[in-house]
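The values are calculated or read from the model by the stated rules, or taken from the named source; none is laboratory data. Just so we're clear, the structure is a prediction, and the values are computed from it rather than from any experiment. Positions of Cβ are generated from backbone atoms using ideal geometry, with glycine treated the same way; all protein chains shown enter the neighbour counts. Ligands, DNA and RNA are excluded from the accessible area calculation, which covers all protein heavy atoms including side chains. Shrake-Rupley method; radii C 1.70, N 1.55, O 1.52, S 1.80 Å.
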Amino acid sequence: MPLRLLNHFLSKEGFDKDLTRILFTIAHAGKYVAHAIRTGDLGLAGTSNLYGEHQVALDVLSDKIFTEHLKATNLVYSIASEEQDNEIVLNNKAAFSVAFDPLDGSSLIDTNLSVGSIFAIFKNQGFMGQKGRDMVAACYLVYGPRTIFVCALEDRVIEFTQNELGEFVVSKDNIKVKSDSKTFSPGNLRATIERDDYSELVSHWQKLPLTLRYSGGMVADIHQIFSKESGIFTYPSFSKYPNGKLRLLFECAPFAFIAEKTGALAVDEKGREILDIPVKEIHQRTTIMIGSSNEIGKAIDFLN
Ligand code: P6P
């Protein structure tokens, strides 16, 4: 099988040249983040982000790496980062806007669990009023035993795995998720204390039985659904997070965009498609249930 390197593969598939340049840039920048995770300073950066979460040095460094690489393309009008309070205009003549969580799950790094970076790409100047459905691409990197880059554009979801030479090579093309789930990834289990409906849903999964697969890192937990082509991940609301904890623009919408290309579903706990929720505020949160369509349908019934 011909070696299918990321940049050659995306170029020959006839995708938008500027868009593939942005995707290639993100994957390339991800190599520096992967290196920093494996070798870099794990201490605190002495700063905190909007949410008051202490930023580990790697959060700050990852944010800088992606921002600088995207700026250098001259293709990006603005970025919105989970680690930055506001949208930042990079080039007011450019066509694309990129929202990202530069290092999701960074609190897991000192336990050596897999973490990742998540990206939503719009061919629009700015994010306000946009919906996930307006994206032109979404992608993520998983920094685990191997560094993996997954991107969704047009109707394809493609996985690339970094080889021993540091090149991203196609490892899965046109990923599809089965409608039935074998595993469950129940986020925010503490919500079962307040919510009988979520408690009943979790018991339902346990009695099927589905196999529990949960790490606390959204990227790895959801990547598992695409990698195994089956599964369900949930993060419902509770008193501490009445609108859910996870962010629409940086986390849930990109994964929803990818999920729907695989035949999986991504809804909030009321059953609304994540991709139809308009961006009103770049840090807005949402609940999420994402994965095998049959299991999502049952989960909506339980929570409503
Ligand atoms: P909790 C990590 O901090 C994160 O943003 C996601 O990666 C993960 O799914 C979620 O939070 C875990 O949240 O409340 O269980 O710690």
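Screening SER11, SER62 for residues that are of a type in the set (S, T, N, Q) and closer than 20 Å to LEU249 by Cβ leaves exactly one candidate, SER62. For the range 251-304, give me each residue that is in a helix (DSSP H, G or I), of a type outside the set (Gly, Ala, Ser) and closer than 25 Å to VAL115 by Cα. GLU251, CYS252, PRO254, PHE255, PHE257, ILE258, GLU260, LYS261, ILE274, LEU275, ILE296 - these are the residues of the range 251-304 that are in a helix (DSSP H, G or I), of a type outside the set (Gly, Ala, Ser) and closer than 25 Å to VAL115 by Cα. As a summary of the residue check, GLU269 satisfies the conditions (1) buried (at least 23 other Cβ atoms within 10 Å of the Cβ); (2) more than 14 Å from the ligand (Cβ to nearest atom); (3) closer than 25 Å to ASN174 by Cα except for the one numbered (3). Among the residues of the range 237-252, those that are away from the ligand (no atom under 11 Å from the Cβ) and buried (at least 22 other Cβ atoms within 10 Å of the Cβ) comprise SER237, LEU248, LEU249.
Pull up the range 207-231, narrow it to residues that are more than 18 Å from VAL150 (Cα to Cα) and either among the hydrophobic types (A, V, I, L, M, F, W, C) or away from the ligand (no atom under 13 Å from the Cβ) (or both), then point me to the one that is surrounded by the most Cβ atoms within 10 Å (Cβ to Cβ). The selected residue is LEU210. Checking each residue of the range 176-185 against the condition of being within 16 Å of the ligand (Cβ to nearest atom), in a loop (DSSP other than H, G, I, E, B), under 16 Å from the mean Cα position of the chain (by Cα) and crowded, with 16+ Cβ neighbours inside 10 Å gives no match.
When the test is whether a residue is open to solvent by 40 Å² or more (accessible area, probe 1.4 Å) and at pLDDT below 95, HIS35 passes it.
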